[in-house]
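I have placed the structure first, in the form of structure tokens, so that the comments after it can refer back to it.
The values are calculated or read from the model by the stated rules, or taken from the named source; none is laboratory data. On a predicted model such as this, the values are computed, not experimentally measured, just so you know. Heads up, the Cβs are rebuilt from the backbone with ideal geometry, glycines too, and the neighbour counts pull from every protein chain shown. Just so you know, the surface numbers come from the protein's heavy atoms only, side chains and all, with ligands and any DNA or RNA stripped out. Shrake-Rupley method; radii C 1.70, N 1.55, O 1.52, S 1.80 Å.
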Amino acid sequence: MERWLWPSGGAWLLVAARALLQLLRSDLRLGCPLLAALALLAALDWLCQRLLPPLATLAVLATAGWIALSRLARPRRLPVATRAVLITGCDSGFGKETAKKLDSMGFTVLATVMELNSPGAIELRTCCSPRLRLLQLDLTKSADISHVLEFTKAHTTSTGLWGLVNNAGLNEVVADVELSPVATFRSCMEVNFFGALELTKGLLPLLRRSRGRIVTVGSPAGDMPYPCLGAYGTSKAAVGLLMDIFGCELLPWGIKVSTIQPGCFRTESVKDVGRWERRKQLLLASLPQELLQAYGKDYIEHLNEQFLRSLRLAVPDLSPVVDDIIDALLAAQPRRRYYPGQGVGLMYFIHYYLPEGLRRRFLQTFFISHCLPQALQPGQPGTTPPQDPAQDPNLSPGPSPAVAQ
């Protein structure tokens, strides 16, 4: 057995030397992942000593240790230096917290807000350095966009524009597509898609010059059929695809494009229950009588209650999203997509790999569970509830939309 000790000891010596070097460079993430990697390496050591010859043991252990430490290495970050970043939607939420964090790191931050005297704008003006500049921007107004473009060009001549963070977003209604006015689809597209498109295109000359970054806050609702988020989800799907196209087209210019797909976080708009109540009342007041009779007021009340229930699970700590935005701006090799938030990875696994019926039930269980519209409830004349294909063994469901092309 002694002849097997030297390859094992040699491999551990190499791993220890690599770990020490990474620690000296502050390039090793400490914590549970490192302990888990060492435990797996020890188990592999035990197995190799019993199954492999000495040289093979040395090669396998040294390679496994090198790969594990490489995975645990902190991604190489670019220096902040005098980099300038424009962030939209800084009145609250992710935009405000990102502006504060980047300012504290030494960035020159151009933060856009809807109102220069909003509580969020006043907070940024109070707690941030003089480097941070506040700009009024309504993404539905081309005049506002033009003003921001001119200001950015004039005030980044010395530093250049390193990054654009498309954070501003809008969701106006929580209801079935049939119940949602077409105007809400247009409003969401104007802000979430066309506004981001116009601003990004206008800043591309500056970003091409700096070989900079474009970071856009998307949503899993743009990838999955979340119930009652038709207007918001379709606009986020559009901007997500747009950023993927930008990512391909701008690669020769050295511009890297990333999209953040956060889970449910407790931003100011999420916490504002009164806002959602007002939106519900506006929806009820605007519905045609025929639709209101078919679905019923109780149905819309139920959807609103389910939506508010799901928001109670929102995470109050916004730092995972802020950290991913910063990584997308500064990592030498940023990811194309980031998925901060609890359970987001599980949602995407279910969406891409499980049958359509399970995907639908998952979203209804953890987001909005529908009740029957009034016209389909038992006792209503002339109508019977439709059969769910997933529950009828005699019906064969079609291919999963996540797989079929």
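Some notes on this structure:
- Condition check for Met189: aliphatic (A, V, I, L, M), part of a helix (DSSP H, G or I) and open to solvent by 10 Å² or more (accessible area, probe 1.4 Å): yes
- Taken together, Ala221, Ala231, Ala238 contain a single residue that is out of contact with any Pro (no Cβ under 8 Å at 6 or more places or on another chain) and closer than 24 Å to Ser319 by Cβ, which is Ala221.
- One residue alone among Arg50, Arg77, Arg71 is surrounded by 12 or more Cβ atoms within 10 Å (Cβ to Cβ), out of contact with any Lys or Arg (no Cβ under 8 Å at 6 or more places or on another chain) and over 30 Å from Thr140 (Cβ atoms), and that residue is Arg77.
- Scope the stretch 63-104; condition of a type in the set (D, E, K, R) and within 14 Å of Arg125 (Cα to Cα); matching residues: Asp91, Lys96, Glu97, Lys100, Lys101, Asp103
- Taking the listed residues Thr57, Thr82, the one that is touching a residue at least 12 places away in the same chain (Cβ under 8 Å), under 30 Å from Leu132 (Cα atoms) and among the hydroxyl-bearing types (Ser, Thr, Tyr) is Thr82, with no other qualifying.
- Counting only residues that are over 17 Å from Ser258 (Cβ atoms), in contact (Cβ under 8 Å) with a residue 12 or more places away in the chain and outside any helix (DSSP H, G or I), the stretch 157-180 holds 11 of them.
- Within the set Phe185, Phe193, Phe151, the sole residue that is within 21 Å of Gly93 (Cβ to Cβ) and modelled with pLDDT of 95 or more turns out to be Phe193.
- Candidate set: the stretch 199-245, residues that are part of a helix (DSSP H, G or I) and among the polar types (S, T, N, Q); chosen: the one surrounded by the most Cβ atoms within 10 Å (Cβ to Cβ): Ser235
- Unmet requirement for Ala183, which otherwise passes all of (1) closer than 28 Å to Val80 by Cβ; (2) in a helix (DSSP H, G or I); (3) over 25 Å from the mean Cα position of the chain (by Cα): (1)
- Scan of the stretch 149-169 for residues that are open to solvent by 40 Å² or more (accessible area, probe 1.4 Å) and either among the charged types (D, E, K, R) or out of contact with any strand residue (DSSP E or B) (no Cβ under 8 Å at 6 or more places or on another chain) (or both), ordered by number: Glu150, Lys153, Ala154, Thr157, Ser158
- Scanning the stretch 168-206 for residues that are within 21 Å of Leu303 (Cβ to Cβ) and among the polar types (S, T, N, Q) yields Asn171, Ser180, Thr184, Ser187.
- Helices (runs of 4 or more DSSP H) contained in the stretch 264-379 and holding at least 2 residues within 30 Å of Arg77 (Cβ to Cβ), at pLDDT 85 or above and open to solvent by 40 Å² or more (accessible area, probe 1.4 Å): 319-330, 344-353
- Filter result for Thr98 (in contact (Cβ under 8 Å) with a residue 12 or more places away in the chain, assigned to a strand (DSSP E or B) and closer than 25 Å to Val191 by Cβ): no
- Subset of the stretch 60-79 (residues that are farther than 30 Å from Ser129 by Cβ and not hydroxyl-bearing (Ser, Thr, Tyr)): Val60, Leu61, Ala62, Ala64, Gly65, Trp66, Ile67, Ala68, Leu69, Arg71, Leu72, Ala73
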